[in-house]
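The values are calculated or read from the model by the stated rules, or taken from the named source; none is laboratory data. Every value quoted in this text rests on a predicted model; they were computed, and no experiment measured them. Here the Cβ positions follow ideal geometry from the backbone for every residue, glycine too, while neighbour counts run over all protein chains shown.
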Ligand SMILES: NC(=O)c1ccc[n+]([C@@H]2O[C@H](COP(=O)([O-])OP(=O)(O)OC[C@H]3O[C@@H](n4cnc5c(N)ncnc54)[C@H](O)[C@@H]3O)[C@@H](O)[C@H]2O)c1
Ligand SMILES: [Zn+2]
């Protein structure tokens, strides 16, 4: 798990998402989501959507958090009860382009069921930014995981009214607080309306403020069927989209974070259906501004593990794509020098793919400050093309610390060896990862680590040795230039790990995807790490050997290089099945599409999967067929 310190730094953007591993990013999203669901958000919704979730979508599109309803966590202690009706999240669109694609999908589905395009009816409603609930007239439930929620009927027992004094039992809706009321009476004690909404639901007794908001009918349950609507045809929607959005956003005196567009025609809704996270007949439009002109407050040099100096740019806080950006990297000092990225300059900032804020150009240059010396070791800096670089590679503290931390980060099967710990070790003359593995508890205690911490650290070192890790990951952890995870994996498909240090330029350049220049850089980059590699290798890391492609090819089975999907219950765990399939050169996917060759079925297979297979012309085979073919 991420340490509190890292979570805090992320929250304040002292660490940017691009410094995180995919797993760490996913963990942070989970932590933020659980805090949000518990009524104590640690970041704004915009930052969650546009920075963190967007980055996760970019880097790990199959992450569970993106594919299913965001978990509610343990903020409701009650046991979960089946919801009377499934409640899903809503797919989001941030641009007209995405909306028009959705309209295209509607039209396509309408054609499939013979519904005339002009007969498609759309409605638009304000997307209430409250706390989702389902009122069956008897009980009120939280959304939970979409299928099972918690019984929070106590909110009604506490006197909460339904919007417009309507009757109970109107189905799905949100617990909301009037915007004008929140601003007037509550904004000084609650950072976000969500903190207040959560307090209405929590088991613990209501605060006076909450009681009053209920009596004043400012806090309410708002069933969606009571929402004011815009409705019309797709043609009208296309013609007047901006107007509709502007109009719907101000329809109610409650927090609104977008406009929900949905199909009215029941048969079209059935045709479009849903996936695990949202209904395909519904989409929420949220506005997104993704370029801004921003003033630079300061530019600070930072040394990375490779010696490159990165300008870290402090910016005047700016709302971009709905998120507040306070910091960005300037990539390299070439940009600083050539474009005048100095204090007081104005830059154009974008979020490429909504992810990492990027400085694309300097609009108004100012005098720049190019450091002469390394901020870590004070040695003279040198230009290497666009990069200002500290070439004191062997002795620059920041580089040594950065390399050691990188090893543990890439290995990713240990905890506790972040920058802070490593800096402390550095202060006690630790200069290499192999020295770290030679430490014992007493050493750590003398360095000033607590007894418990020392024990934990040693346990983590042992764990990193015993827990299995792919050999290419281990190799990549040494941080050789051009030997990232992808290249290492490729390399080890052609040569065994133990042979890597004996390879010549030609052997590497012969591998698909390795240019001559890359091969040269790799050969040279491997020389200085050879001793350290051998020292570490002797600790007996539990390395999973990558299969050589040539061996795979001799695995002449019918399914070699075929793409398959497993479904249903099988005699081995799904994980084992997948691992084994991959190890013999089969490509395993999770969704059926026209690209899939076979659907392998076990017991209790959903009809949907079979239908999909038929639809895309994917051949179906049983587990027994599969086993006989391999
Ligand atoms: N700040 C954070 O750390 C953090 C963390 C997690 C999630 N979030 C926020 O939560 C939201 C995503 O969560 P989600 O999946 O619960 O909600 P969502 O944004 O996907 O919305 C789905 C819900 O909207 C509700 N809704 C509101 N108005 C509606 C209308 N007019 N018609 C139909 N349904 C309507 C429904 O209850 C439905 O369940 C994002 O906006 C995100 O910013 C924030
Ligand atoms: Zn240096």
Tell me which residues, restricted to segment 192-206, are surrounded by fewer than 20 Cβ atoms within 10 Å (Cβ to Cβ) and either in contact with a helix residue (DSSP H, G or I) (Cβ under 6 Å, 6 or more places away or on another chain) or in a helix (DSSP H, G or I) (or both). 195, 199
Let me spell it out: the conditions are (1) touching a residue at least 40 places away in the same chain (Cβ under 8 Å); (2) within 32 Å of the chain's Cα centre (by Cα); (3) farther than 20 Å from residue 400 by Cα, and residue 540 meets all of them except one. Which number is the exception? (2)
Does residue 88 meet the test of being in the same structural domain as residue 203 (by TED's automatic domain parsing) and within 30 Å of residue 273 (Cβ to Cβ)? yes
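Quick grid of which residues meet (1) modelled with pLDDT of 80 or more; (2) farther than 30 Å from residue 461 by Cα:
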position: 537; (1), (2): yes, no
position: 562; (1), (2): yes, yes
position: 566; (1), (2): yes, yes
position: 583; (1), (2): no, no
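Report whether or not residue 462 is without any contact (Cβ under 8 Å) to a residue 40 or more places away in the chain, exposed (fewer than 14 other Cβ atoms within 10 Å of the Cβ) and more than 23 Å from residue 405 (Cβ to Cβ).
So residue 462 does not fit the description; no.
Report, by residue number, each residue of segment 422-470 that is within 31 Å of the chain's Cα centre (by Cα) and not in a helix (DSSP H, G or I).
Across segment 422-470, the qualifying residues are 467, 468, 469, 470.
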Whichever residue in segment 8-33 is in contact with a helix residue (DSSP H, G or I) (Cβ under 6 Å, 6 or more places away or on another chain) and under 16 Å from residue 420 (Cβ atoms) and, among such residues, is nearest to ligand 1 (Cβ to nearest atom): 10
Hey, can you tell me all the residues within segment 332-341 that are surrounded by fewer than 18 Cβ atoms within 10 Å (Cβ to Cβ) and touching a residue at least 40 places away in the same chain (Cβ under 8 Å)? 334
Answer yes or no as to whether residue 508 is at pLDDT 85 or above and either in contact with a helix residue (DSSP H, G or I) (Cβ under 7 Å, 6 or more places away or on another chain) or surrounded by fewer than 16 Cβ atoms within 10 Å (Cβ to Cβ) (or both). yes
List, please: which pairs have Cβ atoms under 6 Å, are six or more places apart or on different chains, and start with a residue in segment 168-194 that is at positive phi and end with one that is more than 16 Å from ligand 1 (Cβ to nearest atom) and in a loop (DSSP other than H, G, I, E, B)? 169/137
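Matching residues to (1) more than 30 Å from residue 318 (Cβ to Cβ); (2) surrounded by fewer than 19 Cβ atoms within 10 Å (Cβ to Cβ):
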site: 47; (1), (2): no, no
site: 57; (1), (2): no, yes
site: 67; (1), (2): yes, yes
site: 81; (1), (2): yes, yes
site: 96; (1), (2): no, yes
site: 114; (1), (2): yes, yes
Among the residues of segment 280-302, which ones are in a strand (DSSP E or B) and near ligand 1 (Cβ under 10 Å from one of its atoms)? 282, 284
By residue number, the members of segment 241-266 that are surrounded by fewer than 15 Cβ atoms within 10 Å (Cβ to Cβ) and touching a helix residue (DSSP H, G or I) at 6+ places or on another chain (Cβ under 9 Å) are 242, 253
Those residues that are within 30 Å of the chain's Cα centre (by Cα) and in a helix (DSSP H, G or I), I need them from segment 482-525; list them, please. 485, 486, 487, 488, 489, 490, 491, 492
Which ones in segment 221-249 are in contact (Cβ under 8 Å) with a residue 40 or more places away in the chain and in a loop (DSSP other than H, G, I, E, B)? 227, 228, 229
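For segment 39-64, how many residues are within 10 Å of ligand 1 (Cβ to nearest atom) and more than 8 Å from the chain's Cα centre (by Cα)? Steps first, answer last, please.
Taking segment 39-64 as the starting set, the residues that turn out to be within 10 Å of ligand 1 (Cβ to nearest atom) are 40-50, 52-53.
Of the ones still in play, those that are also more than 8 Å from the chain's Cα centre (by Cα) are 40-50.
So the count comes out to 11.
I'd like the residue in segment 581-630 that is assigned to a helix (DSSP H, G or I) and in contact (Cβ under 8 Å) with a residue 60 or more places away in the chain and, out of all such residues, is surrounded by the fewest Cβ atoms within 10 Å (Cβ to Cβ).
Ranking the qualifying residues of segment 581-630, first place goes to 629.
Is it the case that some residue within segment 279-286 is free of Cβ contacts under 8 Å to residues at least 40 places away in the same chain, more than 27 Å from residue 385 (Cα to Cα) and away from ligand 2 (no atom under 16 Å from the Cβ)? Walk me through it before giving the result.
Going through segment 279-286, the residues free of Cβ contacts under 8 Å to residues at least 40 places away in the same chain turn out to be none.
For segment 279-286, residues free of Cβ contacts under 8 Å to residues at least 40 places away in the same chain, more than 27 Å from residue 385 (Cα to Cα) and away from ligand 2 (no atom under 16 Å from the Cβ): absent.
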Give just the number: which of (1) assigned by TED's automatic domain parsing to the domain that holds residue 263; (2) modelled with pLDDT under 90 does residue 74 not satisfy? (1)
Would you confirm, using the coordinates I've provided, whether residue 249 is over 26 Å from residue 140 (Cβ atoms) and within 16 Å of ligand 1 (Cβ to nearest atom)? yes
Picked from segment 263-279 (must be away from ligand 1 (no atom under 15 Å from the Cβ) and in a loop (DSSP other than H, G, I, E, B)), the residue nearest to the chain's Cα centre (by Cα) is 273
When residues of segment 466-481 are filtered for being over 15 Å from residue 501 (Cα atoms) and at pLDDT 95 or above, how many remain? 1
